[in-house]
Amino acid sequence: MLRGVGALGTGSALAGLAGAAIQATDEDAAGATPRQDDGPLLRDLPQVSSRAGRLDHTLAMATTSTVVGGRRLRLDTYNNGLPGEVLRIRPGDRVRILLRNQMVPTGLLPSCDERDKDRNHSDCLPRAQGLPDVDELRKETFATNIHVHGLQVSPGGRSDNMDIRVDPGNSFQYVYDVPKDQPAGLHWYHPHHHGSTTHQAWSGLSGPLIVEGDIDRVPEIAAMRERTVVVSSLRVDANGENPTDFMLPAGDDEGYDALPGVKAERLYPLNGQLRPVARIQPGETQRWRVLNAVPHREIWLRIEGHTLHWIGADGIPFDRTRPVPAIMLAPGNRAEFVVRGGKPGRYRIEAAAYHPGGSRADRPALRLGTLEVTGRQATGRIPDRLVAPRRMPDLPVARHRTITVARDNSGHHGPGPRFLINGRLFDMNRIDVEAEAGTVEEWRFVNEDGYQHPMHIHINPFQIVGAKGVPRGDTSWYTDPGIWWDTHRLPPHGELTVRTYFRPDAPGKTVFHCHVLPHEDHGTMANLLIRPPCRSCHGENG
């Protein structure tokens, strides 16, 4: 079995923004010596923008050759890009995306011979109870679809429908009607076919989706240079391919087990580049939009020697700027912030060292890139006030629910642990929760595991209204109920209570799940059916 790079399940309850602190791994002063392993200048991703209220675009998912860090890799990409293009739209737009699945299997080993079943294989796929055979693995790993993560659109029909399946050689026409009150900010698109999300994410399949709106018209922000940055994780073998094997959710912080033990490594590029250099002038202000598209670990994002002036989370802008030394990004989280260039010099962009609490192992710092402060002195401004805050509708709480996340080490569901929601593995044909569109609900997520599980609710963002069990001294948890999220970590052996409003114009079947994708692919997901508004359907539910 292969022990991969550490993979914490991410978390986030909240302990207040003021006075947040992290432990630096070395000096915070300016002027580090240039590093020999710095990559190229950070590139801007290509962009496609809507016009006259429409965006018509084709996304070809194909197995292509690409170069990362001077090494040629063969990975699955959107339109030959790593990551995909930035799609820029506006509230009220109609978005049409034609998805074409042109992927071909790579890194796939043959099935082990039955006569050699007692051997310790590293060059073939074993036969074991609870695991698919090679043909089934090939079939499921390369089936796909699209989730427009953060858009508050219909979950049915040709829209954000998780039941859609597009096999290799096939295509599907998506149509999204973006609501006129969709918040302005960074969202993203990525595969979401149950069972294949981890493999496809480790090929780098993701792309930013930006909704333009009110915060873009704040004068100070409108005057800034904008950067959209995607943090990815690529899993590659000696041939530069993403191994197609059985990924098991090991359930610890050391990594994930795989059958067989294919030797592979993980790379962490920014915009498809290893350790790129982003330039800024002293005193210049830049607006950064950062997406954590890594499928298995949190990013405690820090820029050495610089304050991050936080202006929005998960695609929803704040009413005021919040200066912080670092921002925690669970898998799927997005952060928007302003950075002002400090003294001339070179500063690390990194996932800072992080202790997840309890008996879990420390996460060492992970260097992602470099901020180079150079050039003439500039006079960029950072706004204090931003936009009118998004309000929760003034409605009584229609339902209270308890959602329990737990680990099952019994082996009844196959090799390795499984992570369950309310004691069950995901079943596409079972409705787990029914809600009413146009109502407010409170969900109490109870984490019976020592692992931080980032929970994501599709379509409808939420606010944190209560938290228990936040690790002592961990300043990565933000309890401000004024911040809206669509993905948030559960404290280990703790609780998180969230309040959400089910849009009256987006009924249908959708899902909620852990956004550590190896967990999701192995059962940590549930179906949510949002019924059309009904005046006589209220009641309490424990």
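Prolate is the label for segment 182-222, because the ratio a/c of its alpha-carbon gyration tensor axes (a ≥ b ≥ c) is 1.5 or higher and a/b is greater than b/c. Roll a 1.4 angstrom probe over the protein heavy atoms and tell me the percent of accessible area of segment 391-542 that is carbon or sulfur. C and S fraction of accessible area: 48 percent.
Straight-line cross-link reach from Lys263 at under 24 Å between alpha-carbon atoms covers these lysines, not counting any fewer than eight positions away in the same chain: Lys117, Lys139. Scaling against 2.2 N^0.38 Å puts the C-alpha radius of gyration of segment 385-454 at 1.53. Label segment 413-452 by shape, choosing from rounded, prolate and oblate, from the square roots a ≥ b ≥ c of the eigenvalues of the Cα gyration tensor; if a/c is under 1.5 it is rounded, and otherwise prolate applies when a/b is larger than b/c, oblate when it is not. Taking the square roots of the gyration eigenvalues as a ≥ b ≥ c, segment 413-452 is oblate. For segment 449-542, the set of GluC sites (Glu not before Pro) satisfying both a DSSP loop assignment and a count of at most 11 other C-beta atoms within 10 Å is given as Glu540. Set against the 2.2 N^0.38 Å expectation for a compact globular protein, segment 333-392 has a Cα radius of gyration ratio of 1.64. Think of a 1.4 Å ball rolled over the protein heavy atoms: segment 391-467 then has 40 Å² of accessible area per residue. Put simply, the amide H of Val68, placed in the peptide plane, has neighbours under 5 Å in Leu73, leaving out anything fewer than 5 places away on its chain. Counting only residues at least eight positions apart within a chain, or on another chain, there are no lysines with an alpha carbon under 17 Å from that of Lys468. In segment 267-323 the Cα-Cα distances spread across 10 Å bins starting at 0 as 16, 48, 33, 3 percent of all pairs. Sorting the segments 390-398, 195-203, 345-353 by their mean number of nearby beta carbons within 10 angstrom, highest to lowest, gives 195-203, 345-353, 390-398.
Quick one: grab the alpha carbon gyration tensor of segment 404-542, order the square roots of its eigenvalues as a ≥ b ≥ c, and give me rounded if a/c is under 1.5, else prolate or oblate depending on whether a/b is larger than b/c. Oblate. Accessible area per residue was computed with a 1.4 Å probe on protein heavy atoms; Leu137 scores about 20 Å².
Kindly list the residues of segment 277-299 that lie in the label zone of Arg376, defined by a backbone N under 11 Å from the point 7 Å along the Cα-to-C-beta vector. No residues fall inside that zone.
A 1.4 Å probe over all protein chains sorts Lys180, Lys509, Lys139 by accessible area into Lys180, Lys139, Lys509, starting with the largest. Amide H to amide H, with H built 1.01 Å from N, Phe318 comes under 5 Å of Gly312, Ala313, counting only residues 5 or more places away or on other chains.
Ranking Cys534, Cys514 by solvent-accessible area of protein heavy atoms (1.4 Å probe, all protein chains present), from largest to smallest, gives Cys534, Cys514. When Thr64, Thr487 are compared by accessible area at a 1.4 angstrom probe, the order from most to least is Thr64, Thr487. Close amide H partners of Leu329, meaning residues 5 or more places away or on another chain with modelled amide H under 5 Å apart, are Ile299, Trp300, Leu301. Compared with the alpha-carbon gap, the fully stretched path from Arg54 to Asp163 is longer by 36.7 nm at 0.36 nm per residue.
The values are calculated or read from the model by the stated rules, or taken from the named source; none is laboratory data. Just so you know, these numbers come straight off a predicted model, no measurement behind them. We place every Cβ from the backbone using ideal geometry, glycine too, and count neighbours over all the protein chains shown. These accessible areas exclude ligands, DNA and RNA; they are computed on the full protein's heavy atoms, side chains included. Shrake-Rupley method; radii C 1.70, N 1.55, O 1.52, S 1.80 Å.
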